[in-house]
Amino acid sequence: MEIPAPLRLRIDRDALQSNWQALDRLSGTAACGAAVKANGYGLGATLVAKALAEAGCRDFFVANWAEALALAPLGLTVSVLHGLRADDVEVARAGFARPVLSTPEQIARWRDSGGGLCDVMVDTGMNRLGVSVEAVTGGLLDGLQIETLLSHLACADEDVPMNARQQAAFAGLKGQTGARRMSLANSAGIGLGADYRFDLTRPGLALYGGVPRPDMAQHLRQVAWPEAQILQRRHVPAGETVGYNATWTAPADTEVAILNLGYADGYRRALSGLGAAVVDGVKLPVLGRVSMDLLAINVTARADLAEGDWLSMDYDLAAASAASGVSQYELLTGLAQRFARG
Ligand SMILES: *Cc1c(COP(=O)(O)O)cnc(C)c1O
């Protein structure tokens with residue numbers, strides 16, 4: 001029996017493709033790839049990867065081998081950012097994705113299992129994943145067949161001296177490893193200028209409508225639109241309250257719609273009293289606390305909205321993040337399994 005989902009995540013495929021095209025243009029002579037880890041930042045990795053491949057994207061990045069396996073039927077070029085654990089060797093040898101090797105142990109594991117085309121992550125100061133610059137210049141990678149040498153920027157969304165230090169450390173490795181390409185910039189890194197783009201960029205957030213640096217906003221469109229159904233419409237007399245802990249008191253008689261959407265769906269509790277639904281371009285504010293599976297919105301302005309109607313939530317990532325203090329990344333990747341996606 002098929003039960004229609006009471007909430008859905010509408011993906012604007014056209015906006016997604018347009019964002020990639022914009023980032024591809026901004027990448028200049030560098031190719032533009034796509035980070036589709038964490039299920040395509042919560043939007044659905046297969047759906048996202050298909051749309052981006054159709055737009056012209058050729059390089060895809062996931063976190064682990066399960067994510068790579070999920071994309072295998074699409075026949076794309078996929079790199080696995082978390083590299084190669086002992087448990088991954090068998091699946092990695094199947095050849096549908098490349099590991100991004102980031103420790104001497106992983107490099108040895110790859111060589112011992114037969115080697116072949118791989119990527120390598122170099123740490124230039126973030127101290128997260130990657131082999132050291134010294135190890136690279138010392139010959140650790142000698143003989144490896146490297147497609148892409150990567151490094152990752154810690155502060156690309158800020159204007160701080162660390163960016164230039166990382167860029168210089170990475171640029172110093174040009175011609176030192178036999179890698180066919182070099183790749184440094186994530187979404188924000190693309191905005192830092194031509195020196196940061198090398199041969200391949202790897203945006204994630206900006207593809208999905210996140211704004212990594214304010215000056216990039218003009219190029220990017222919203223992709224993810226949470227939509228929920230009205231379960232009940234009710235009249236709240238002046239002076240009564242709505243929701244847990246009675247944080248909102250009706251200043252006048254108010255019409256309220258209860259939506260089938262809550263923080264268990266990734267619609268964060270931090271949006272209590274801050275979020276809104278949007279109908280015909282008009283915002284209908286969230287009233288009081290967001291519950292686990294429900295929230296209340298003010299529909300006094302819309303006598304026509306009734307039980308069973310679908311509403312789109314305002315989910316402008318930059319604005320929602322600024323208002324709630326929740327990062328744009330979390331607003332996307334938290335969108336839960338309960339949404340029907342498409
Ligand atoms: C997630 C990730 C990206 C994409 O970062 P955004 O900030 O979402 O553009 C690029 N490179 C690496 C190594 C990553 O882990």
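A few remarks follow.
- In this structure the chain gives 44 Å² per residue of accessible area when probed at 1.4 Å with all protein chains present.
- Per-selection Kirkwood Rh - the chain (Cα, Å, 1 d.p.): 21.7
- Count Lys and Arg as plus one, Asp and Glu as minus one, and take only other residues whose Cβ is under 11 Å from that of residue 86; the net charge is then -3.
- Extension reserve of the residue 232-residue 336 stretch, reckoned as 0.36 nm per residue once the Cα distance is removed: 35.2 nm
- Cut-off under 5 Å, modelled amide H: who pairs with residue 101 long-range: 119, 120, 121
- At full extension, residue 181 and residue 245 could sit 17.4 nm farther apart than now, given 0.36 nm per residue minus the alpha carbon distance.
- Other residues whose C-beta falls under 13 angstrom from the C-beta of residue 32 contribute a net charge of +2, scoring Lys and Arg +1 and Asp and Glu -1.
- Rel. contact order, % - alpha carbon contacts under 8 angstrom, at least six apart, the chain: 18
- In this structure, the amide hydrogen of residue 336, modeled 1.01 Å from its nitrogen in the peptide plane, lies closer than 5 angstrom to those of 266, counting only residues at least 5 positions away or on a different chain.
- Within the accessible area of the chain, the carbon and sulfur atoms contribute 50%, probe 1.4 Å, all protein chains present.
- Available extension along the chain between residue 66 and residue 218 is 51.2 nm, counting 0.36 nm per residue and deducting the alpha carbon span.
- Packing rank of 293-300, 205-212, where each peptide gets the mean count of other beta carbons within 10 Å, highest leading: 205-212, 293-300
- Spacing of the modelled spin labels on residue 90 and residue 132, each 7 Å from Cα toward Cβ, amounts to 3.6 nm.
- The helix-based estimate of mean residue ellipticity at 222 nm for the chain, built from -39,500 (n - 2.57) per DSSP H run of four or more residues and divided by its residue count, is -6500 deg cm²/dmol to the nearest 500.
- For segment 14-39 versus segment 157-202, the gap between their alpha-carbon centres in whole angstrom: 16
- With Rh defined as the Kirkwood radius, the inverse of the mean 1/r over Cα pairs, the Rg/Rh of segment 67-192 is 0.98.
- Distance from segment 68-117 to segment 208-226 (C-alpha centre basis), Å: 32
- Segment 12-215 - percent relative contact order, Cα under 8 Å, separation 6 or more: 21
- Each of residue 168 and residue 112 was given a label point 7 Å from its Cα along the Cα-to-Cβ line. The distance between the two points is 3.9 nm.
The values are calculated or read from the model by the stated rules, or taken from the named source; none is laboratory data. Here the structure is a predicted model, which is why all the values come from computation and not from measurement. We place every Cβ from the backbone using ideal geometry, glycine too, and count neighbours over all the protein chains shown. When the accessible area is computed, the model is the full protein with side chains, heavy atoms only, and any ligands, DNA or RNA have been set aside. Shrake-Rupley method; radii C 1.70, N 1.55, O 1.52, S 1.80 Å.
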